[in-house]
Amino acid sequence: MGEQVSITGVRTIGVPVTDQDRAVDFFVGVLGLEKRLDAPLEQLGGRWIEVAAPGSATSIALIPASPKVPAGVETGIRLTATDAAALHKELVARGVDVGELLLWAGVPPMFGFRDPDGNGFEIVE
């Protein structure tokens with residue numbers, strides 16, 4: 001038998017968006033992520049764009065939505081923050097669609113939010 005091949009990590013998670021420039025404005029300008037890659041991708045009818053939290057090994061690819069990969073999904077992505085309550089307040093002030101700040105005993109503070117396409121994310125302290 002040959003050498004065992006294994007998965008070594010999670011690099012990028014794709015999120016479908018209807019307007020890539022608007023998505024970059026939101027994820028970089030509003031959320032404070034950094035744009036790491038922006039390359040033409042004719043096969044998808046757009047660009048391959050990756051954004052990430054500074055220092056993070058995992059990025060989010062803002063991929064063009066399509067009938068097979070529609071925008072407006074619950075992504076299951078949990079982003080972290082050092083102070084969820086302060087970030088919640090800041091995002092509300094910036095007009096982001098945020099849910100209630102959840103403060104449950106024994107669980108880190110957290111809340112959900114939606115990007116301009118309605119994709120759902122969570123922030124966890």
Within the range 1-107, strands (runs of 3 or more DSSP E) holding 2 or more residues that are in contact (Cβ under 8 Å) with a residue 24 or more places away in the chain and under 13 Å from the mean Cα position of the chain (by Cα): 12-17, 46-52, 59-64, 74-80
Flag if Pro64 is modelled with pLDDT under 95, within 24 Å of Arg36 (Cα to Cα) and not aromatic (Phe, Trp, Tyr): yes
Given (1) within 19 Å of Thr12 (Cα to Cα); (2) of a type outside the set (A, V, I, L, M, F, W, C); (3) loosely packed, with under 12 Cβ neighbours inside 10 Å, index of the condition Thr82 fails: (1)
Subset of the range 93-109 (residues that are surrounded by 13 or more Cβ atoms within 10 Å (Cβ to Cβ) and either within 12 Å of Val30 (Cβ to Cβ) or in contact with a Gly (Cβ under 9 Å, 6 or more places away or on another chain) (or both)): Val96, Asp97, Val98, Gly99, Leu102
Residue satisfying condition, being of a type in the set (A, V, I, L, M, F, W, C) and more than 21 Å from Gly9 (Cβ to Cβ), within set Leu62, Leu41: Leu41
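The values are calculated or read from the model by the stated rules, or taken from the named source; none is laboratory data. It should be emphasised that the depicted structure is a prediction, and the values quoted were computed from it without experimental measurement. Cβ coordinates were reconstructed from backbone atoms using ideal geometry, including for glycine residues, and neighbour counts include every protein chain displayed.
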